[in-house]
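Below is one structure, written out as structure tokens; comments come after it.
The values are calculated or read from the model by the stated rules, or taken from the named source; none is laboratory data. In this text the structure is predicted, and so the values were computed from the model without any measurement. A quick note on method: Cβ atoms are made from the backbone with ideal geometry, for glycine too, and the neighbour counts reach across all protein chains shown. Protein only, heavy atoms only, side chains kept; ligands, DNA and RNA dropped before computing areas. Shrake-Rupley method; radii C 1.70, N 1.55, O 1.52, S 1.80 Å.
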Amino acid sequence: MDASPLKILCITGWCRNGSTIIGNVLNEIPGFFHAGELHFLWKNAAGRGANSSCGCGRELTECHLWSEILPLGRPAGVSVEDHAETVVRRQLAYVRTRHTWRVLDRGLHCDEIREHAALMALTYRAIAERTGAGVIVDTTKIPGEAALLAHLEGVTPYYVHLVRDPRAVAQSWSRPKQYCYVMPSRTSTAYWHGFNVASQAITRRHPERSLFLRYEEFAADPAGTIDALLRLCGADPAANPMRGRTIELHTNHTVTGNPDRFSTGVTVIRDRDDSWRTGLPLPARLTAAALSWPLFRRYGYRYGGTLLAGPRRAGAAAPRATEKR
């Protein structure tokens, strides 16, 4: 690794927005590493989270990468469980979504948030040293953690505000999937609204290193979207591993994320994301559309289900994709 700042490509927004597949595509590029939702490393490794498996299939504590990283920053004589409890306590107190504006405005304003920032910086550097990556893709999606990145020594963050139609998100949350629980439309849409408002605050603060992206644009033009993400962080689009709509995925080391992160082999990206039309009951669809207002229209969605012409974008230019119909 050279002395240049480590780049963190941080994907924000609410869960079930497609960040896992996008991160895993980027993971196939030399010099890129998809860490998954790094925020949950300590909690999951201690058995307190939704799942304790690495994307490679091993337990996080047995994975050759994370087993070396987990002890870093842990005081001598402190157990894995006690250290995880300390980390989680700091996360809940200082880098939740509700803390986004405080982190943006006040930065490292107390000892405990400075300690958390030091742990995150140490962890990112350790990942880079062990993987050879110059760009780490973090799909945590918690805006408070994303806001903290600008205050980490030796790190240059790049932000992708990734949004998906709240009706598609509500449908995804309505179906149980391995370690993922279910959530009613009203709850998922309330989170969708809150996480996206906070993500907007971050990209407005750092417009020169930010990109607004709708998952539907990725579905319509996956190769063009990956090109845009590579340009955002100064990488050569010639390294894009997408071949049309097809990508071959290999084993990854994601901390957590959509259970599809365990899938490997040739993968084809679907050209549409509208199964919610038949898969989500009408009351739930109406709830998602109503509770997501006014962001629903601001992000380019229509009640009829198609995207508005001339979508509004934030930050750096997002990929211009033609929706397949």
Exercise. Could you list, in sequence order, the residues of segment 274-288 that are within 23 Å of the chain's Cα centre (by Cα) and surrounded by 19 or more Cβ atoms within 10 Å (Cβ to Cβ)?
Worked result: Trp276, Ala288
Problem set entry | Filtered residues of segment 232-251 (kept if more than 23 Å from Asp271 (Cβ to Cβ), surrounded by fewer than 20 Cβ atoms within 10 Å (Cβ to Cβ) and not acidic (Asp, Glu)) | Gly234, Ala238, Ala239, His250, Thr251
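Out of Ala121, Ala93, Ala84, Ala117, report the one residue that is among the small types (Gly, Ala, Ser), over 21 Å from Leu232 (Cα atoms), at pLDDT 95 or above and touching a Gly at 6+ places or on another chain (Cβ under 7 Å).
The conditions single out Ala121.
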For this session: Count, please, the residues in segment 160-181 that happen to be touching a helix residue (DSSP H, G or I) at 6+ places or on another chain (Cβ under 6 Å) and surrounded by fewer than 17 Cβ atoms within 10 Å (Cβ to Cβ).
Result: 2
Exercise. For segment 69-148, which helices (runs of 4 or more DSSP H) that fit wholly inside it have 3 or more residues that are touching a residue at least 24 places away in the same chain (Cβ under 8 Å) and open to solvent by 20 Å² or more (accessible area, probe 1.4 Å)?
Worked result: 80-94, 111-131
Problem set entry | Evaluation of Thr225 against (1) in contact with a Pro (Cβ under 7 Å, 6 or more places away or on another chain); (2) open to solvent by 30 Å² or more (accessible area, probe 1.4 Å) (one fails), failing number | (2)
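Within segment 196-214, work out how many residues are open to solvent by 30 Å² or more (accessible area, probe 1.4 Å) and of a type outside the set (Lys, Arg). Spell out the reasoning first.
Restricting attention to segment 196-214, the residues satisfying the condition of being open to solvent by 30 Å² or more (accessible area, probe 1.4 Å) are 197, 204-205, 207-209.
If we keep only those that are of a type outside the set (Lys, Arg) as well, we get 197, 207-208.
Qualifying residue count, segment 196-214: 3.
Just for segment 176-192: of the residues that are hydrophobic (A, V, I, L, M, F, W, C) and outside any loop (DSSP other than H, G, I, E, B), which one is nearest to the chain's Cα centre (by Cα)?
Narrowing segment 176-192 to residues hydrophobic (A, V, I, L, M, F, W, C): 180, 182-183, 190, 192.
Restricting the remaining residues to those that are outside any loop (DSSP other than H, G, I, E, B) gives 180, 190, 192.
On the way: Cys180: 16, Ala190: 18, Trp192: 14 Å.
Checking each candidate, the answer is Trp192.
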